[in-house]
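Scroll down for the structure; my scribbles are underneath it.
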Amino acid sequence: MEARATLRYARIAPRKVSIVLDQIRNQPVEMAMAILKHTPKAACEPLEKLLKSAMANAENNHNMDKNSLYVSECFVCPGPTLKRIRPRAQGRAFRVLKRTSHVTIVLNEKE
């Protein structure tokens with residue numbers, strides 16, 4: 001039995017999110033929450049919210065014990081890229097790629 005939560009179309013690049021996800025993978029949820037609270041990265045705020053959602057899903061939908069939960073799986077996939085134009089010298093235009101992410105967190109119970 002597993003509980004999962006997904007965050008789609010998050011306006012942050014996937015490579016920035018994956019750095020933080022590597023730190024919380026295979027951690028108990030209390031430890032993962034503490035890591036997210038005290039890590040100074042932009043991805044931590046939405047990931048903390050997502051982890052709380054996954055914990056609530058585990059407790060309410062799957063009747064899992066919240067004290068024995070751990071992050072069994074967490075991954076990020078690239079979402080659609082927003083293409084924007086940046087004016088440059090002599091009438092030229094450079095393209096700016098604003099990347100989005102789809103993040104998934106899966107929680108399991110320890111046996």
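Structure notes:
- On the basis of the beta-carbon distance and an R0 of 35 Å, Asp65 and Val96 show a calculated FRET efficiency of 0.15.
- The relative contact order of the chain, computed from alpha carbon pairs under 8 Å that lie at least 6 residues apart in sequence, is 42 percent.
- If the chain linking Arg86 and His38 were pulled fully straight, counting 0.36 nm for each residue of separation and taking away their Cα-Cα distance, it would gain 13.8 nm.
- Accessible area per residue was computed with a 1.4 Å probe on protein heavy atoms; Arg88 scores about 130 Å².
- Structure note, pairs Lys16/Lys49; Lys16/Lys37; Lys41/Lys66; Lys66/Lys110: Cα-Cα distances above 19 angstrom occur for Lys41/Lys66.
- Across segment 1-73, the volume of the C-alpha convex hull divided among the residues equals 81 Å³ per residue.
- Fully extended contour minus Cα-Cα distance, from Arg25 to Val106, at 0.36 nm per residue: 28.2 nm
- Rounded accessible area of Ile19 (nearest 10 Å², 1.4 Å probe): 90 Å²
- Modelled spin-label separation between Arg8 and Phe75, with each label point placed 7 Å from Cα along the Cα-to-Cβ direction: 1.7 nm.
- Around the Cα centre of the chain, unit charges on the Cβ atoms of Lys, Arg, Asp and Glu (plus for the first two, minus for the last two) sum to a dipole of about 1400 debye.
- Euclidean distance of C-alpha centroids, segment 1-58 and segment 77-91, integer Å: 27 Å
- Within the shell defined by Cβ-Cβ distances under 13 Å, the residues around Leu21 carry a net charge of +1, with Lys and Arg each +1 and Asp and Glu each -1.
- To the nearest ten degrees, helix 44-61 and the longest principal axis of the Cα atoms of the chain are 40 degrees apart.
The values are calculated or read from the model by the stated rules, or taken from the named source; none is laboratory data. Since this is a predicted model, take the numbers as computed values, not measurements. Backbone-built Cβ (ideal geometry, glycine too); neighbour counts: all protein chains shown. In case anyone asks, the SASA skips ligands and DNA or RNA and just uses the protein heavy atoms, side chains included. Shrake-Rupley method; radii C 1.70, N 1.55, O 1.52, S 1.80 Å.
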